[in-house]
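The values are calculated or read from the model by the stated rules, or taken from the named source; none is laboratory data. As the structure is a computational prediction, the values presented were derived from the model and not from experiment. Methodologically, a virtual Cβ is constructed for each residue, glycine included, from the backbone with ideal geometry; neighbour enumeration extends over all protein chains shown.
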Amino acid sequence: MEVYRKIKKDKGEEKALEAYAHLDGTSVVPLDVRTAVAAADIGLKTGLGMVDSMIYAVARYYKAELITGDHHFQALERVTLI
């Protein structure tokens, strides 16, 4: 729950809980071996850490736009920084 953590840190618990309410109904997806290997390759190519590489690999697998406040993703395709 990176979004909750970031908002709570920057704007307080009330704003974080409001944001969390908008996340209700989202899905947690599994990380299979194929995606884990893709994450390792992404990490080697981009210099992202393993967790960030896994997040990006899953987003790519689902052809999803990655929306994040993490500047480590800024140079990557299909990423929106908030």
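Just the residues that are surrounded by 12 or more Cβ atoms within 10 Å (Cβ to Cβ), free of Cβ contacts under 8 Å to residues at least 60 places away in the same chain and of a type in the set (Val, Ile, Thr), please, taken from the stretch 47-82. Passing the criteria: ILE55, VAL58, ILE67, VAL79. Could you check the stretch 9-28 and list, in sequence order, the residues that are of a type in the set (D, E, K, R) and under 17 Å from the mean Cα position of the chain (by Cα)? ASP24, the sole residue that qualifies. Here is the figure for the stretch 9-46: residues that are exposed (fewer than 10 other Cβ atoms within 10 Å of the Cβ) and under 16 Å from ALA59 (Cα atoms) total 5.
Restricted to the chain, the set of helices (runs of 4 or more DSSP H) holding at least 1 residues that are at pLDDT below 95 comprises 2-11, 13-23, 50-61.
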